[in-house]
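The values are calculated or read from the model by the stated rules, or taken from the named source; none is laboratory data. What you see is a predicted model; the values in this text were computed from it and never measured. Positions of Cβ are generated from backbone atoms using ideal geometry, with glycine treated the same way; all protein chains shown enter the neighbour counts. For the accessible areas, the whole protein counts, side chains as well, though only heavy atoms, and no ligand, DNA or RNA atoms are used. Shrake-Rupley method; radii C 1.70, N 1.55, O 1.52, S 1.80 Å.
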Amino acid sequence: MKSIQIHGKEFEVSITEEQIQQAVQRVANELNHDLKGKQVVFLPILNGAFMFASDIFRRIEFEARISFLKTASYSGTTSSGHITQLLGLNEDIKGKTVVILEDIIDTGLTMESIIKQVEAHEPAEIRIATFLLKPDAFVKNFKIDYVALKIPNEFIIGYGLDYDGFGRNYPDIYTIKSERFLNLLIFGAPGAGKGTQSKRIIEKYNLVHLSTGDILRAEIEQNSKLGQLAKRYMTDGGLVPDEIVLSMIMLKIVENKGANGFIFDGFPRTVEQAKRIDALMREESMPISAMIALEVKTEELKRRLIERGKTGTRTDDTPEIIENRINIYKEKTARVKEYYREQGKLREVHGEGPIDDIFRNIEGVIEQL
Ligand code: B4P
């Protein structure tokens, strides 16, 4: 996606030049249809509306005048506390049709004040044409006759609109690149459903899935050096040493820079792993958002894994190794949960029952983050 930098902030295209031009053409068509035969004066409001005004005016197919206005805003001592003064209205608009051209209307406060001041010059009628409207921010009740595009209530630049004076020159509209990201840890004993729920979370939230178990099994499959090393520990259900797991996961994070976020599945499994990943993600300005811990009774964990062992390909799904994995979880891994509880990041979710119901509860947790 096209992006630009202004004052160290990154903006990315949210409305393309083509979409803008189509919308502007539609407004111009409506104006041509509605106002032909009238005595029309266009009043664009500077600075922001200069591009919109220029694109509209060159598409107007009847005789019309154009006169640029500017507003000066200052806090006054009136009851409204805020005054917008209209500058440059020298054109005789008495008895004429006036079209005020604005780049963006959000609350409508400024436009309301502009309308009042234009009315004082006794035009026959006033029409409002705005390039952008933020319906969620609009609190006034005057009629807006022509709207090219409606946008959510967020900060934008381009096509005449600026950030601290810059950005007006771009033909597209840009929004600040989302700094919202989601870094989730999905946690639970072996068989708690981490892998099962991760799949759904990734689909819905578009996160990169980092399952240390899957990565290690892939290494074993390829018979890589790392795989050979990991196999020694995984065969009986023990933990692979922290250094190996950490270097592996760090590599994956670097490879996926620019992701919306990560879901760490089966990681961290020791407090040392947790401390190291916290430090790295803080350095990357993407701290861990929350740990979602799936709570499942030991009997149910065993039942699930033994069941999978009957048909699946996991060599560690045998009764003795399952026992060992669960014991190691209790001894070494369960305490990671307390580490995140202390940080206020732990979210416990009941992990028994239908998979869809569990996912709905997880969604509820994520939506509140
Ligand atoms: P993992 O791959 O992480 O395996 P696991 O913790 O045993 O969980 P698993 O993925 O099997 O279970 P899930 O909860 O999805 O680790 C394997 C090994 O790799 C470890 O033993 C260790 O040696 C090594 N390792 C991995 N990460 C490490 C790290 N960070 N540090 C050191 N060593 C590491 O549950 C899946 C089963 O439950 C499925 O059969 C599913 O169908 C079923 N299930 C899920 N939800 C269900 C529900 N609601 N109802 C019924 N069944 C359900």
Applying 1/(1 + (r/R0)^6) with R0 = 41 Å to the Cβ-Cβ distance of THR318 and SER285, what FRET efficiency is obtained, to the nearest 0.05? 0.40
Any idea what angle helix 17-35 forms with the longest principal axis of the chain, computed on alpha-carbon atoms, 0 to 90 degrees, nearest 10? 30
Taking LYS257 as the anchor, which lysines have their alpha carbon closer than 22 Å to its alpha carbon, excluding any fewer than eight residues away along the same chain? LYS2, LYS9, LYS177, LYS199, LYS204, LYS275
Using Cα-Cα distances under 8 Å and only pairs 6 or more residues apart, what relative contact order does region 3-176 have, in percent? 25
Please report Rg over Rh for region 184-368, where both radii come from the alpha carbon positions and Rh follows the Kirkwood definition. 0.93
Calculate, for PHE155 and LYS330, the FRET efficiency according to 1/(1 + (r/R0)^6) with r their C-beta to C-beta distance and R0 45 Å; round to the nearest 0.05. 0.35
Looking at HIS350, GLY188, ILE249, which one has the Cα that reaches farthest to the positive end of the dipole of region 184-368 (charges on Cβ: Lys, Arg +1; Asp, Glu -1)? ILE249
Whole-number D in µm² s⁻¹ for region 163-272, Kirkwood Cα-pair radius fed into Stokes-Einstein, 25 °C, 0.890 mPa s: 152
Relative contact order of the chain, please, whole-number percent, based on alpha carbon pairs below 8 angstrom and at least 6 residues apart. 14
Quick one: Cα centre-to-centre distance for region 272-304 and region 11-31, in angstrom? 45
Any idea what angle helix 298-311 forms with the longest principal axis of the chain, computed on alpha-carbon atoms, 0 to 90 degrees, nearest 10? 90
Relative to the longest principal Cα axis of the chain, at what angle does helix 225-234 sit, 0 to 90 degrees, rounded to 10? 60
All Cα pairs of the chain, percent lying beyond 27 Å: 61
Dipole moment magnitude, nearest 20 debye, region 3-176 about Cα centre, only Lys, Arg, Asp, Glu C-beta charged: 440
Heavy-atom accessible area of the chain with neighbours in place, 1.4 angstrom probe: carbon+sulfur share in percent works out to 48
Of all DSSP beta bridges in region 93-200, antiparallel share, percent nearest 5: 25
How about region 243-279: which trypsin sites (Lys or Arg not before Pro) there lie in a loop by DSSP and see at most 10 other Cβ atoms within 10 Å? LYS257
Computed about the Cα centre, the charge dipole of the chain from +1 Lys/Arg and -1 Asp/Glu charges at the Cβ has a magnitude in debye, to the nearest 20, of 540
Per residue, how much accessible area does the chain show when a 1.4 Å probe rolls over the protein heavy atoms, in square angstrom? 52
Using the C-alpha gyration tensor of region 3-176, what are the square roots of 5 times its eigenvalues, in whole angstrom, with the largest one first? 26, 21, 14
Using alpha carbon centers only, region 121-138 is separated from region 237-263 by a whole-angstrom value of 53
Within 10 Å of each candidate Cβ there may be at most 16 other Cβ atoms; applying that plus a DSSP loop requirement, which GluC sites (Glu not before Pro) in region 247-313 survive? GLU284
